[in-house]
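Read through the structure below, which is laid out as structure tokens, and then see the notes.
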Amino acid sequence: MYPPTLREITVEMSNLYSTQTKGKQLNLSMDELLTFYGILIASGYSSVPRRHMYWSVDNDVHNESISGAMRRNHFDDIMASVHVVDNTKITDDPFFKVRPIFSELNHSYKIMPFHEWLSVDESMIPYYGQHGCKQFIKGKPIRFGYKVWSLASSSGYMYHMEPYCGSHTLLPETGLGQGPSVIIGLAEQAQVPQGCKFVHDNLCTTVSLMDEMTKRGYGSSGTMRQKCLFDVSFTPRNAFMKLPRGTSEVLCQGEKLLVRWKDNNIVTVATNMEEKYTETSVKRWNRHRRAFDNVQQPKCISRYNEHTGGVDLHDLQVSRYHIAIRSKKWWWPIFAWSINSALVNGHLFYRDVIGGTIDLLTFSRIVSQSLLQRFGTKPLSHGRRSLLSATVENQARYDKASHWLNTMHRFQRCRHCEKRTTYACEKCKVPLHLECFKLYHGV
């Protein structure tokens with residue numbers, strides 16, 4: 001899912017960026033990049049407050065698989081230089097820094113055949129810094145961040161994504177409004193075959209969209225806002241709200257079917273996939289009787305509820321084990337999100353096509369550990385001890401209790417004077433001369 005072409009671009013551009021800005025050769029190899037990806041994925045399910053703790057020798061935070069695959073300083077060098085574009089060829093595209101990520105992933109995600117039911121919605125990549133394309137959407141689980149128009153299957157598999165950046169958004173303008181242009185633009189760019197059925201929310205649904213989707217051979221179904229029904233002869237809203245739950249109104253306009261249904265609130269759905277109006281029975285809680293009632297629901301609304309939410313499902317899976325290592329660069333959240341998105345798509349491909357039964361957490365661990373063990377290089381030695389381990393050792397060093405000298409079988413360096421000795425403190429487990437014993441323990 002994360003294609004070799006994108007990895008090759010990352011290796012080339014990271015080495016170039018290091019030379020251009022830092023004046024030194026990074027010499028990043030493909031094996032080191034894959035190890036870098038493995039560490040990032042591991043941080044999603046095994047997080048610590050600071051990333052340097054992964055290389056700590058303290059028992060409570062030490063991670064052998066990470067510290068045994070790459071040195072900490074080299075990981076920091078890669079973090080500081082990782083890039084996917086040449087900064088000398090900058091354009092007016094606000095997402096110039098990450099444009100190759102979207103183009104390459106959109107191409108590689110087509111390995112999965114298109115499902116019959118497709119969901120269109122916006123994804124939010126969390127970001128709280130300053131950027132001209134950062135969006136605020138009230139009421140969303142992620143209110144601040146980058147908005148990405150997304151096309152996914154009803155099961156959560158992502159097919160195509162396009163970041164929203166105002167007039168620079170790379171989607172065609174159809175003249176039908178922003179919402180319909182997003183639906184049609186994603187269908188064109190993703191080359192969705194005819195016969196697929198799109199479900200979308202009230203941001204995108206209009207009567208003109210239904211006509212256009214019918215001409216193009218696509219099915220379309222979505223909820224509609226009240227302001228888009230100004231020329232539709234439905235019962236006035238206030239009068240319809242007084243009717244009992246389960247009441248519905250139906251209007252047919254050519255191949256379009258407009259349905260209004262009274263639930264706790266009024267729900268209006270437009271679709272071009274229903275030849276005739278049918279109903280089904282659903283259960284709704286009656287707070288007065290304190291029991292469930294059987295309520296008639298239009299079949300088109302039942303199908304909409306069944307197949308909507310594919311993009312939200314993908315976002316949910318991405319957020320569960322998202323990369324915890326952070327950076328101050330504005331494009332880092334997009335870079336980390338792309339790895340998580342490819343991981344989720346890989347898990348869905350493994351589950352639906354290959355027939356695997358493992359969950360996303362186990363799949364993430366397998367991918368991470370495979371990268372670390374196959375491409376990692378074990379350091380020759382560990383770095384210096386942490387301040388915590390030295391503090392714990394000093395507490396036992398100065399307690400003045402049960403310290404005895406024992407003879408060792410070979411010479412070692414005295415901890416105090418650094419000369420050779422065959423004696424050691426039995427409790428502290430450190431080599432010491434007889435004359436250095438009291439000085440070391442502060443006696």
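The values are calculated or read from the model by the stated rules, or taken from the named source; none is laboratory data. Every value quoted in this text rests on a predicted model; they were computed, and no experiment measured them. Don't worry about glycine lacking a Cβ; one is built from the backbone with ideal geometry, like all the others, and counts go over all protein chains shown. Side chains are part of the model used for accessible areas, which takes the heavy atoms of the whole protein and leaves out ligands, DNA and RNA. Shrake-Rupley method; radii C 1.70, N 1.55, O 1.52, S 1.80 Å.
Can you tell me how much longer the chain between residue 136 and residue 92 gets when fully stretched, taken as 0.36 nm per residue apart minus their C-alpha distance, in nm with one decimal?
On the way: separation 44, 0.36 × 44 = 15.84 nm, distance 2.27 nm.
Full extension from residue 136 to residue 92 adds 13.6 nm.
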Task: Amide H partners (placed H, <5 Å) of residue 279, local residues excluded - done: 299
Open item on the list: With every atom except the alpha carbons ignored, what do you get for Rg and Dmax of the stretch 96-207, in angstroms?
Closed with: 14.0, 42
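Just tell me the longest site-free run in the chain, where the sites are GluC sites (Glu not before Pro) in a DSSP loop having at most 15 other beta-carbon atoms within 10 Å. Walk me through the numbers before you get to the answer.
Values: sites that count: 116, 173, 255, 275, 418, 426.
The longest such stretch corresponds to 276-417.
Which of the trypsin sites (Lys or Arg not before Pro) across the stretch 138-221 are loop residues per DSSP, with 14 or fewer other Cβ within 10 Å? Write out the running numbers ahead of the final one.
Values: sites: 138, 143, 147, 197, 215, 216; in loops: 138, 143.
Sparse-neighbourhood loop trypsin sites (Lys or Arg not before Pro): 138, 143.
Divide by every residue of the chain the summed helix terms, -39500 (n - 2.57) for each DSSP H run of at least 4, and state the resulting mean residue ellipticity at 222 nm, rounded to the nearest 500 deg cm²/dmol.
Working: 14 runs with 154 residues, N = 443.
Here the helix-only value at 222 nm equals -10500 deg cm²/dmol.
Run the accessible area of the stretch 96-311 with a 1.4 Å probe and give the carbon-and-sulfur part as a rounded percent.
Values: 5110 of 10420 Å².
Ligands and nucleic acids excluded, carbon and sulfur reach 49 percent.
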Open item on the list: Could you put 67, 281 in order of accessible surface area, largest first, with the 1.4 Å probe and the full protein assembly present?
Closed with: 281, 67
- [ ] With r as the distance between the Cβ atoms of residue 324 and residue 128 and R0 = 22 Å, compute the FRET efficiency 1/(1 + (r/R0)^6) and round to 0.05.
- [x] 0.90
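Can you list which of the trypsin sites (Lys or Arg not before Pro) found in the stretch 11-110 are DSSP loop residues with at most 11 other C-beta atoms within 10 Å?
Values: sites: 22, 24, 50, 51, 71, 72, 89, 97, 110; in loops: 24, 50, 71.
Passing both the DSSP loop test and the Cβ count: 24, 50.
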Task: In Hz, Karplus ³J(HN,Hα) per residue of the stretch 331-340 (6.51, -1.76, 1.60; θ = phi - 60°; x = Gly, Pro) - done: 8, 4, x, 6, 4, 5, 5, 5, 5, 5
Task: Linear extension gain, residue 76 paired with residue 207, 0.36 nm per residue minus alpha-carbon span - done: 41.8 nm
Task: Dimensions in Å of the stretch 402-443 - Rg and Dmax from alpha carbons - done: 9.0, 27
Open item on the list: With the crude spin-label approximation of a point 7 Å out along Cα→Cβ, what separation in nm comes out for residue 64 versus residue 362?
Closed with: 2.2
Task: Solvent accessible area, Å² - residue 114, 1.4 Å probe, full protein context - done: 50
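Quantify how much of the Cα-Cα distance distribution of the stretch 96-311 extends past 28 Å, in percent. Don't skip to the answer; put the middle values down first.
Values: 8140 of 23220 pairs.
Counting every Cα pair in the stretch 96-311, those more than 28 Å apart make up 35 percent.
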Open item on the list: Test of understanding: what is the full-extension gain from residue 404 to residue 230, defined as 0.36 nm times their sequence separation minus their Cα-Cα distance?
Closed with: 53.4 nm
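Can you pull a Stokes-Einstein diffusion coefficient for the stretch 47-109 at 20 °C (1.002 mPa s), Rh from Kirkwood over Cα pairs, as a whole number of µm²/s? Could you put the intermediate results ahead of the total?
On the way: Rh = 14.6 Å.
The calculation lands on 147 µm²/s.
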Open item on the list: Could you report the chain's accessible area per residue, 1.4 Å probe, as an integer in Å²?
Closed with: 53
Open item on the list: At 7 Å along Cα-to-Cβ for each site, give me the label-to-label distance between residue 377 and residue 8 in nm.
Closed with: 2.2
Task: trypsin sites (Lys or Arg not before Pro) restricted to DSSP loop in the stretch 312-387 with at most 13 other C-beta within 10 Å - done: 326, 328, 384, 385
Task: Amide proton proximity set for residue 118, modelled H, under 5 Å, gap of 5+ - done: 197, 198, 199
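State the Kirkwood hydrodynamic radius of the chain in Å, one decimal place, computed from all pairs of distinct Cα atoms.
Details: mean 1/r = 0.0381 Å⁻¹.
Result for the chain stands at 26.3 Å.
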Task: ³J(HN,Hα), Karplus 6.51/-1.76/1.60, whole Hz, each residue of the stretch 207-216, x for Gly, Pro - done: 5, 5, 5, 4, 5, 5, 5, 5, 4, 8
